[in-house]
1. Collect the residues in the stretch 75-91 that are closer than 15 Å to A48 by Cα, crowded, with 20+ Cβ neighbours inside 10 Å and either touching a strand residue (DSSP E or B) at 6+ places or on another chain (Cβ under 7 Å) or at pLDDT below 95 (or both), keeping them in residue-number order.
2. Just give me the residues in the stretch 92-113 being open to solvent by 10 Å² or more (accessible area, probe 1.4 Å) and among the aromatic types (F, W, Y), in sequence order.
3. Kindly list the number of the only condition in (1) modelled with pLDDT of 95 or more; (2) assigned to a loop (DSSP other than H, G, I, E, B) that fails for L25.
4. Can you tell me which residue in the stretch 134-183 is least open to solvent (accessible area, probe 1.4 Å), limited to those that are small (G, A, S) and not in a helix (DSSP H, G or I)?
5. Of (1) surrounded by 14 or more Cβ atoms within 10 Å (Cβ to Cβ); (2) in a helix (DSSP H, G or I), G120 satisfies all except one. Which?
6. Among the residues of the stretch 70-113, write down those that are in contact (Cβ under 8 Å) with a residue 24 or more places away in the chain, within 20 Å of R24 (Cα to Cα) and assigned to a loop (DSSP other than H, G, I, E, B).
Amino acid sequence: HVLYTDIDVYFRNDITNLQGFGLRLPDSIQMGYEAVDIFPYNAGVFLASARFLRATHHLLLKKMIENKSISYGSFGPGDQGLLNMVYERELRSVGALDKAMNAKPYHAFSQNAAIVHFHGPKPTDYLAMVNSNKCNFGKMCARGLQRGGACRYVLEWLEYIPMSERGQFAALEAKCKPRWFQA
């Protein structure tokens, strides 16, 4: 099996034993929800059978070349749209990947989250929201700060970045710490 993640993720737990998370390894492909719990799915984190990917690789390439665009209409853009379009039947039949494997900061914080995906707003976008009340992702930043996911996940994420870069997030830490980490 292959676990693919975008670069804008961090791992909260050791995931070497995916079945330990209660996951059934798919015979095809499984992707998580986008911003809302409906199809098409988000390709920022996906789990797939290597055998399935090898068997369908030619079809994936064929559809990509035929499309002559990075837009796949209602299936979404880029690789995500292509995967949703080509594997729609498999994705719908298997169902979405467990939210613990693709937690989003604009949703409520989940202690069970194994992989946090900064889908949409990145930590710098949440910082901009705190500093200027502006966000390049519409209401997603405000939602994340109000629901607590953004604060909790960003504060955890800060533990993994170099101290030399951490200072730029002081305003975000100041806003989040009192609210979510009471002494």
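The values are calculated or read from the model by the stated rules, or taken from the named source; none is laboratory data. Please read these numbers as outputs of a predicted model, since none were measured by experiment. Counting neighbours? That spans all protein chains shown, and the Cβs are built from the backbone with ideal geometry, glycine included. Accessible surface is based on the protein model in full, side chains and every heavy atom, while ligands, DNA and RNA are left aside. Shrake-Rupley method; radii C 1.70, N 1.55, O 1.52, S 1.80 Å.
1. The answer is Q80, L83, Y87, L91.
2. Selection gives F109 alone.
3. L25 satisfies all of (1) modelled with pLDDT of 95 or more; (2) assigned to a loop (DSSP other than H, G, I, E, B) except (1).
4. It comes out as G148.
5. Against the list (1) surrounded by 14 or more Cβ atoms within 10 Å (Cβ to Cβ); (2) in a helix (DSSP H, G or I), G120 comes up short only on (2).
6. If the condition is that a residue be in contact (Cβ under 8 Å) with a residue 24 or more places away in the chain, within 20 Å of R24 (Cα to Cα) and assigned to a loop (DSSP other than H, G, I, E, B), then Y87, G95, A96, L97, D98, N102, A113 are the ones that fit.
Let's see how each residue does on (1) over 28 Å from S110 (Cβ atoms); (2) open to solvent by 60 Å² or more (accessible area, probe 1.4 Å); (3) among the aromatic types (F, W, Y); (4) touching a helix residue (DSSP H, G or I) at 6+ places or on another chain (Cβ under 8 Å):
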{"position": "H1", "(1), (2), (3), (4)": "no, yes, no, yes"}
{"position": "I7", "(1), (2), (3), (4)": "no, yes, no, no"}
{"position": "Y10", "(1), (2), (3), (4)": "no, no, yes, yes"}
{"position": "T16", "(1), (2), (3), (4)": "no, yes, no, no"}
{"position": "Q30", "(1), (2), (3), (4)": "no, no, no, yes"}
{"position": "A50", "(1), (2), (3), (4)": "yes, no, no, no"}
{"position": "A55", "(1), (2), (3), (4)": "yes, yes, no, no"}
{"position": "I65", "(1), (2), (3), (4)": "yes, yes, no, no"}
